[in-house]
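Peer 1: One structure, pasted below without further comment.
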Amino acid sequence: MRHKDLRIRADASNGTTLFNKDATYCARSGSATGSVSLESYNYPGRYLRPIAS
């Protein structure tokens, strides 16, 4: 799983440094007690967010 063009994609690793950075998310304390947010490694301040269907 990585981000590309501001979208999450399921791509196989191509072994590049950029791919590795795109595919790295850091666990941070979430806004709700006991929750976790996932912050993009190479875009600090950007987080994975669920999209309501």
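Peer 1: Would you list 18, 6 from the most to the least accessible area, probe 1.4 Å? Could you put the intermediate results ahead of the total?
Peer 2: Details: 18 105, 6 140 Å².
Ranking 18, 6 by accessible area, largest first, yields 6, 18.
Peer 1: Something else about it: Taking the Cα atoms of the chain, report the difference between the largest and smallest coordinate on each principal axis, in whole Å and largest first.
Peer 2: Over the chain, Cα extents along the principal axes are 37, 25, 15 Å.
Peer 1: If 28, 46 are ordered by their accessible area, calculated over protein heavy atoms with a 1.4 Å probe, which sequence runs from highest to lowest? List each step's numbers first, then the result.
Peer 2: Working: 28 105, 46 130 Å².
Sorted descending by solvent-accessible area, the residues read 46, 28.
Peer 1: Further, regarding this structure: Mind giving me the FRET efficiency for residue 11 and residue 35? R0 is 25 Å, r the Cβ-Cβ distance, nearest 0.05 is fine.
Peer 2: Once the sixth-power term is evaluated, E becomes 0.40.
Peer 1: If each residue of separation counts as 0.36 nm, what is the full-extension length gain between residue 28 and residue 49 once their alpha-carbon separation is subtracted?
Peer 2: Between residue 28 and residue 49, full extension yields 6.3 nm more.
Peer 1: Hey, what's the chain come to in accessible area per residue, 1.4 Å probe, Å²?
Peer 2: Accessible surface, normalised per residue, equals 83 Å².
Peer 1: Please list 41, 47, 25 in order of solvent-accessible area, largest first, computed with a 1.4 Å probe with all protein chains present.
Peer 2: The residues order as 41, 47, 25, largest area first.
The values are calculated or read from the model by the stated rules, or taken from the named source; none is laboratory data. This is a predicted model, so every value here is computed, not measured. All Cβ positions, even for glycine, are placed from backbone atoms using ideal geometry, and neighbour counts span all protein chains on display. Quick note on the areas: whole protein, heavy atoms, side chains included, nothing else; ligands and nucleic acids left out. Shrake-Rupley method; radii C 1.70, N 1.55, O 1.52, S 1.80 Å.
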